[in-house]
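A short write-up of the structure that comes next.
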Amino acid sequence: MPDDTYTHGHHASVLRSHTWRTAENSAVYLLPHLRAGMDVLDVGCGPGTITADLGRVVAPGAVLGVDRSDDVLAQAVQAAAGAGNVTFAVGDVYALDADDGTYDVVHAHQVLQHLSDPVAALREMRRVCRPGGLVAVRDSDYGAFTWAPADPVLDRWLDVYRSVARSNDAEPDAGRHLKGWALAAGFSDVQASASVWCFSDEEDRAWWGGLWADRIRESDLARQAVDRSFATTADLEAFAAAFHRWAAAPAGWFTVLHGEVLARP
C-alpha cells in the first residue's frame, strides 16, 4: 500500500479550516440522496464535523468515520458527542477494515487530492459499498482557484503549493480528475458536478486569509516547501503578507472550486 504524505499536516491553522466544514457547506451534493437508516462510511474524516452531520441525517443508521491520525480522531469524538450512531476508528483508505458491500454510502471529502493512487482508493471504496449504494467524493481544484484583487505574490504561492503537493505524488487539481478516476476504478454510473466556496465579506476574508497566512508559515506545507527548495522562509513571509493584504481589501474575493462525483458500483 502507498505510504502517502499529507501535504498540510494537522497544524492548528489546517484544523481551523477542517472544523469549519459541515455537510451543508461541503456535502450538499450528497444530502438529497441520504435517507434515515442508511449505513455510512466517512473516509478521511479528520475532526469529524461533516461525519457528525451525516450521522444526524441518516439516524438511526450507523456512521463510521476513519482517518489515519489518532490525534485528529480525538477531536472527532468530541465533535460527535451525544450522537450515539456515530463512531470513529483509525483506518486506511487503501485497505478498509470492512467486508465487501458493507455500507450504503461511502463518502470522502478532500481526500483523493492527497493520495498517490486515487484510483486504487476509489476501488477500495467501491468494494465496501453495497450494490445500489453510492460512493461520494468531493475535492478542490487548486488550478481553478480565483481571487481579486490580483496579486503576483499569491500567484507564486499557488505555484509553490502545487509543486509541494506534486512532490508528494499527489494531485492538487484533483477536482477536474474525479470523474475520470471513478471511471478508471470501475464505476459505470458516474454523475459529476461542481460547487464553490466563496470568501468575500469582511469576516470571511479575515478568516480565510488569516488561516492561510498561518498555514503557509507554520504547517507541514511550509516545512516541505523550504526543505525541498520550492521557497525560502522569506518567500513564505511574503505569501503570508499577501494573504493579509487580500483579507484587508474591501474588494477582496476568493473562490475555491470543487469537483464532485456520485458513483454507483
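The values are calculated or read from the model by the stated rules, or taken from the named source; none is laboratory data. Everything numeric here is computed off the predicted structure, so don't read it as measured data. Every residue, glycine among them, receives a Cβ derived from its backbone with ideal geometry; neighbour counts consider all protein chains shown. In case anyone asks, the SASA skips ligands and DNA or RNA and just uses the protein heavy atoms, side chains included. Shrake-Rupley method; radii C 1.70, N 1.55, O 1.52, S 1.80 Å.
Things worth noting here:
- When each of V77, V58 is tested for being in contact (Cβ under 8 Å) with a residue 12 or more places away in the chain and crowded, with 19+ Cβ neighbours inside 10 Å, the lone residue that passes is V58.
- Qualifying positions in region 211-222 - open to solvent by 10 Å² or more (accessible area, probe 1.4 Å) and either in a strand (DSSP E or B) or free of Cβ contacts under 8 Å to residues at least 40 places away in the same chain (or both): R217
- Residue that is farthest from V137 (Cα to Cα) [pool: residues in region 229-247 that are open to solvent by 20 Å² or more (accessible area, probe 1.4 Å), without any contact (Cβ under 8 Å) to a residue 40 or more places away in the chain and assigned to a helix (DSSP H, G or I)]: A234
- Looking across region 15-31, the residues that are open to solvent by less than 40 Å² (accessible area, probe 1.4 Å) and not hydrophobic (A, V, I, L, M, F, W, C) come down to S17, H18, R21, S26, Y29.
- Of the residues contained in region 89-97, one or more are found to be open to solvent by 20 Å² or more (accessible area, probe 1.4 Å), of a type in the set (G, A, S), in contact (Cβ under 8 Å) with a residue 40 or more places away in the chain and over 21 Å from T19 (Cα atoms).
- Only one entry of V72, V135 meets the criterion of being buried (at least 18 other Cβ atoms within 10 Å of the Cβ), β-branched (V, I, T) and not in a strand (DSSP E or B), and that entry is V72.
- Just one of the listed residues (V190, V226) is assigned to a helix (DSSP H, G or I), of a type in the set (A, V, I, L, M), touching a helix residue (DSSP H, G or I) at 6+ places or on another chain (Cβ under 8 Å) and modelled with pLDDT of 95 or more, and it is V226.
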